[in-house]
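Peer 1: The structure under discussion is supplied below as structure tokens; questions concerning it will follow.
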Amino acid sequence: MSWNDLKPGTSAAEMVAFAEQTLQSLLPRTWQLTAYREERPTTRGRADARFTITAADGTSAWVLVEVKSIVAPRDVAGMAARLAALQEAETAAAIVVAPFISPTARRQLADHGLGWLDVTGNLRLRLDSPAVYLDRAGADRSSFRDPADRLLKSLRGPAAAKVVLALSETPLPTGVRELAFRADVSAATSARVLELLDRDAVIDRSADGVVTSVRKRALLTRWTADYQVMKANEVITTVDPRGISHALEASASLGVRYAVTGSAAARAYLPEGVTPVSPLVSLSLYTEDPIQVMDHLRLKKAEHGANVLVMSPYDEVVHARARLVDGLTYAAPAQVVADLLTGAGRSSEEAEQLMSALGETDPGWE
């Protein structure tokens, strides 16, 4: 059975067989894997299967196997609790098998000490005795499409970005319509994005759908799975021969709307006295009139050695949520974090530093 043979809705028996064949092929030839199907539930329920992995020296361990058609991050905690209740003293591990397991779901599984295996090749299984550590990356997106499934799967596009940015700044609790108003999107769009974020365990909601908490680091991590600063925006790479400091200072006198993002913006939002984790090597700014900006700053186009990135934004929301700091206009902190998380060099470290700084005054960033 190959990975491509499996489709959503594949029976638990076929998924167990797939997991058995996959794991056996990765273990040493002198090791043995034996699968046992659990047909009768106990008072604690049952797993879909148990594997015994036996090393060449006779050391063996049990592995619980749980088959799911969909692994929603918000369901992982309950899944882990149920599997823990099924584990006996000799059970060494538990693994979740599914057609596809998203990066967010994999992080949740790892946090709860669970392994995983999906049809695209994502795999993690760890045993202490016998010593086993299998870790393999497959796809970050599912190739399976169910025409009957109309749930939002991606945060790609301006509308989703507006909801994400609004959610990062909106006081809680907040409902679908209030968030839609703040984000300037339809209530339907707000509802679909919130449902996705709820499935991915980024937000908590009350029984009536009101958002009660937002994990903002997780929110931006989830957004940047679909948003990339260099792909979502039209970028012109340029050089200011007089240096980055000149371009940044001269931006204050631009006659068009602009918003500084990236490393320079991160510095603007860091508390006074905090040293940035890396030197400022480039300036990134959004503008609706790149040519005028380039003329005003006297920038020259350059394919190599660029120190100023002039970007035509994916949406005007980068200006609508911008803020003034010491005479310069900067993109909103959440937009800056997203741009840094998907930027080059040490920008991800700058994003981590900025999120830590934001967490000093906003618990949602902790």
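Peer 1: Given springs between every Cα pair under 10 Å in a Gaussian network model of the chain, which of Glu66, Glu352, Glu303 has the largest fluctuation?
Peer 2: Glu303
Peer 1: Could I ask something else about it? Quick check: net charge around Leu125, other residues with Cβ under 15 Å of its Cβ, Lys/Arg +1 and Asp/Glu -1?
Peer 2: 0
Peer 1: Still on this structure, please answer the following. Show which lysines lie in cross-link reach of Lys300 when reach means a straight Cα distance below 30 angstrom and same-chain residues fewer than eight apart are skipped.
Peer 2: Cα-Cα hits under 30 Å: Lys231.
Peer 1: What does the net charge come to around Ala320 if you take all other residues with beta carbon closer than 14 Å to its beta carbon, with K and R at +1 and D and E at -1?
Peer 2: Spelling it out: positives minus negatives among the neighbours equals 0.
Peer 1: Normalised by the residues of region 210-366, what does the relative contact order come to in percent, with Cα pairs under 8 Å and at least six apart?
Peer 2: That works out to 35 percent.
Peer 1: Quick one: work out the % antiparallel among DSSP beta bridges in the chain, nearest 5.
Peer 2: 70 percent
Peer 1: Take the chain, connect every pair of alpha-carbon atoms lying under 10 Å apart with a spring to form a Gaussian network, then pick out the residue of Ala93, Ala188, Ala160 with the largest mean-square fluctuation.
Peer 2: Taking springs between Cα atoms under 10 Å, the residue moving most is Ala188.
Peer 1: Still on this model: Full-extension gain between Leu324 and Gln292, please, as 0.36 nm times their residue separation minus the C-alpha to C-alpha distance.
Peer 2: Extra length available between Leu324 and Gln292 comes to 9.4 nm.
Peer 1: Among the DSSP beta bridges whose two residues both lie in region 190-342, what percent are antiparallel, rounded to the nearest 5?
Peer 2: Here the share of antiparallel DSSP bridges comes out near 75 percent.
Peer 1: Sticking with this structure for a sec: Out of the total accessible area of the chain (probe 1.4 Å, heavy atoms of protein only), what percent is carbon and sulfur?
Peer 2: Here carbon and sulfur together make up 50 percent of the probe-accessible area.
Peer 1: Which part of region 55-78 falls in the paramagnetic zone of Ser11, meaning amide N under 19 Å from the point 7 Å along Cα-to-beta-carbon?
Peer 2: Residues passing the 19 Å test: 65-70.
Peer 1: Sequence-distant or interchain residues sharing an amide H contact under 5 Å with Arg205, placed H: which?
Peer 2: Thr212
Peer 1: Tell me, what is the FRET efficiency for Asp135 and Ala188 to the nearest 0.05, using R0 = 35 angstrom and their Cβ-Cβ distance as r?
Peer 2: The formula returns an efficiency of 0.30 here.
Peer 1: Something else now. Quick check: with the 1.4 Å probe, what order do Phe51, Phe100, Phe181 take by accessible area, largest first?
Peer 2: My answer, sorted largest first, is Phe181, Phe100, Phe51.
Peer 1: So, R0 is 45 Å and r is the distance between the beta-carbons of Glu366 and Thr54; what FRET efficiency does that work out to, to 0.05?
Peer 2: The formula returns an efficiency of 0.55 here.
Peer 1: Whenever you get a sec, line up Asp118, Asp184, Asp75, Asp362 from highest to lowest accessible area (probe 1.4 Å, protein heavy atoms).
Peer 2: Sorted by accessible area, descending: Asp184, Asp75, Asp362, Asp118.
Peer 1: Relative contact order for the chain: what is it in percent, counting Cα pairs under 8 Å that are at least 6 residues apart?
Peer 2: 12 percent
Peer 1: Let a ≥ b ≥ c be the square roots of the eigenvalues of the Cα gyration tensor of the chain; is it rounded (a/c under 1.5), or, if not, prolate (a/b larger than b/c) or oblate?
Peer 2: Prolate is the answer for the chain, as a/c is 1.5 or above and a/b outweighs b/c.
Peer 1: Compute the long axis of helix 12-26 from its Cα atoms, compare it with the longest principal axis of the Cα atoms of the chain, and write down the angle in degrees, 0 to 90, nearest 10.
Peer 2: 80 degrees
Peer 1: Count charges around Tyr227 for me, please; just the other residues with Cβ under 13 Å from its Cβ, Lys/Arg as +1, Asp/Glu as -1.
Peer 2: Residues close to Tyr227 contribute a combined charge of +1.
Peer 1: Keeping every protein chain in place, order His319, His246, His296 by accessible area at 1.4 Å, biggest value first, i.e. largest first.
Peer 2: These residues rank, largest area first, as His296, His246, His319.
Peer 1: I want to verify a result. In a Gaussian network model of the chain, Cα cutoff 10 Å, which of these has the top mean-square fluctuation: Ala92, Ala81, Ala61?
Peer 2: Most flexible of the set in this elastic network: Ala81.
Peer 1: Trp62: accessible area at probe 1.4 Å, nearest 10 Å²?
Peer 2: My reading of the accessible area for Trp62 is about 70 Å².
Peer 1: Here's something else I'd like to know. Among bridges DSSP assigns within region 93-227, what percent are antiparallel (round to 5)?
Peer 2: Taking every DSSP beta bridge within region 93-227, about 75 percent pair in antiparallel fashion.
Peer 1: Hey, rough spin-label estimate for Glu249 and Lys153, points 7 angstrom out along Cα→Cβ, what's it come to in nanometres?
Peer 2: Simple spin-label model gives 5.2 nm for this pair.
The values are calculated or read from the model by the stated rules, or taken from the named source; none is laboratory data. Worth saying up front: this structure is predicted, and the values here are computed from it rather than measured. FYI the Cβ positions are ideal-geometry reconstructions off the backbone, even for glycines, and counts take in every protein chain you see. The area values use the complete protein model at the heavy-atom level, side chains included, leaving out ligands, DNA and RNA. Shrake-Rupley method; radii C 1.70, N 1.55, O 1.52, S 1.80 Å.
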